[in-house]
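> Before anything else, here's the structure in question.
Throughout, read-outs are computed from the coordinates displayed, never taken from laboratory work. Only a predicted model underlies this, so the values are computations on that prediction, with no experimental measurement involved. Reconstructed Cβ throughout: ideal geometry from the backbone, glycine too, with neighbour counts over all protein chains shown.
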Amino acid sequence: MQPPRNLREAFRDMTPDEMRAASREVELEEWRADNRFCGRCGAAMKPHDDPRERAFVCPACGYAAYPKIAPAVITLVTKGEKVLLQRNTHYKGVVWSLVAGFVDPGESLEEAVRREIREEASIEVKDIRYFGSQTWPFPSNIMIGFRAEHAAGELRPDGEEVVESGWFDRGHLPEIPRPGSIARRMLDAWVAEGNE
Ligand SMILES: [Zn+2]
């Protein structure tokens, strides 16, 4: 089941508690829909005998399916007093945002941060620090936010996912993501540092 289209819109106006509850519902619904049949042998799945175990179990082969969350990293990259923003082809309209992408199997979060930035912007970063995280039920993700500083290289958008990128001053930001997203929270925190 696809989450309702308007959830993205609704997310913007929710409190953190409402966001948590809505994410949970959407992600559990997605998990139920994906696990009606066993992915290993095709038999119909049943809820776990122990109601405290949130799992579907296959009566034929014993496979148990727990909800799975896919981690994605998002990074606010600075170069001195400037921030890296880029325009992605999959965004509607002209919104500039941060570098983000899914963590690959076998990869650490820091490795994912370095690889995404290398792939999308062709630069190297240093001083990777944790910022915070946000549930992102589209359909079952968690966005893990980091800060990093430019270390080497010139910006060169990949031309596929990213069409344009640049370093921006606090006073001259283009259109950025609306409130409700971790990208906006990270940018707001960075802008506020300039006023300290
Ligand atoms: Zn099975």
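> Could you grab the relative contact order for the stretch 70-193? Cα pairs under 8 Å, six or more apart, rounded to a whole percent. If you can, show how the numbers build up before the last one.
Values: 247 pairs, mean separation 41.9, N = 124.
This gives 34 percent for the stretch 70-193.
> Additional query: For the stretch 165-171, take each phi angle, set θ = phi - 60°, evaluate the Karplus expression 6.51 cos²θ - 1.76 cosθ + 1.60, and give the result in whole Hz per residue in order, putting x for glycine and proline.
8, x, 9, 10, 7, 4, x
> At 222 nm, what helix-only mean residue ellipticity would the chain give, in deg cm²/dmol to the nearest 500, using -39500 (n - 2.57) for each DSSP H run of four or more?
-8000 deg cm²/dmol
> Which number comes out as Rg/Rh for the stretch 68-179 once both Rg and the Kirkwood Rh are worked out on C-alpha atoms? Let's see the in-between values first.
Numbers: Rg = 13.4 Å, Rh = 14.3 Å.
Computed over Cα atoms, the ratio is 0.94.
> Assuming R0 = 22 Å, what is the FRET efficiency of residue 70 and residue 126, from their Cβ-Cβ distance, to the nearest 0.05?
About 0.25, to the nearest 0.05.
> For the pair residue 41 and residue 17, how long in nm is the line joining their label points, each one 7 Å along Cα→Cβ?
Taking the simple label geometry, residue 41 and residue 17 are separated by 4.5 nm.
> Of 58, 31, 47, which is farthest on the positive side of the dipole of the stretch 7-65, counting Cα position, with +1 on Lys and Arg Cβ, -1 on Asp and Glu Cβ, and the Cα centre as origin?
58
> Continuing with this model, one more query. Quote to one decimal, in nm, the extra length available between residue 24 and residue 167 on full extension: 0.36 nm per residue of separation minus the C-alpha distance between them.
47.9 nm
> What spacing in nm lies between the two simple spin-label points modelled at residue 10 and residue 108, each 7 Å away from Cα in the Cβ direction?
3.9 nm
> So which GluC sites (Glu not before Pro) in the stretch 11-60 end up in coil per DSSP with only 14 or fewer other C-beta atoms within 10 Å?
In loop regions of the stretch 11-60 (DSSP not H, G, I, E or B), the sparsely surrounded GluC sites (Glu not before Pro) are 53.
> Are there trypsin sites (Lys or Arg not before Pro) in the stretch 113-184 that DSSP marks as loop and that have at most 13 other Cβ atoms within 10 Å, and which are they?
In loop regions of the stretch 113-184 (DSSP not H, G, I, E or B), there are no sparsely surrounded trypsin sites (Lys or Arg not before Pro).
> Considering the alpha-carbon set of the chain alone, what are its Rg and its Dmax in angstrom?
19.5, 62
> Further, regarding this structure: Identify the residues of the stretch 72-91 with backbone N under 17 Å of a label point that sits 7 angstrom from the Cα of residue 175 along the Cα-to-Cβ direction, or state none.
Only 85-91 pass the distance filter.
> Here's something else I'd like to know. Got a sec to turn the phi values of the stretch 24-36 into Karplus ³J(HN,Hα) couplings, 6.51 cos²θ - 1.76 cosθ + 1.60 with θ = phi - 60°, whole Hz, x for Gly and Pro?
4, 4, 5, 5, 5, 5, 4, 5, 4, 5, 7, 10, 6
> List the residues whose amide H sits under 5 Å from the amide H of residue 146, counting only those 5 or more places along or on another chain, with H placed 1.01 Å from N in the peptide plane.
For residue 146, the qualifying residues are 74, 75, 76, 131.
> Rounded to whole Å, give me the distance from the Cα center of the stretch 24-97 to that of the stretch 136-151.
Spelled out, the Cα-based centre of one part sits 14 Å from the other.
> Now for a different question. List, in order, the whole-Hz ³J(HN,Hα) value for each residue of the stretch 130-136 obtained from phi through the Karplus relation with A = 6.51, B = -1.76, C = 1.60 and θ = phi - 60°; use x for Gly and Pro.
Coupling constants for the stretch 130-136: 6, 9, x, 9, 8, 5, 9 Hz.
> Have a look at 137, 71, 187 and report the one farthest towards the positive end of the charge dipole of the chain, computed about the Cα centre with Cβ charges (Lys/Arg +1, Asp/Glu -1).
Of the listed residues, the answer is 137.
> Name the residues whose placed amide hydrogens come within less than 5 Å of the amide hydrogen of residue 43, ignoring near sequence neighbours (fewer than 5 apart) on the same chain.
38
> Given the chain, what percent of its DSSP beta bridges are antiparallel, to the nearest 5?
The antiparallel fraction comes to roughly 75 percent.
> Turning to a different aspect of this structure: Net charge near residue 164, counting Lys/Arg +1 and Asp/Glu -1 over other residues with Cβ under 13 Å of its Cβ?
For residues surrounding residue 164, the net value is -3.
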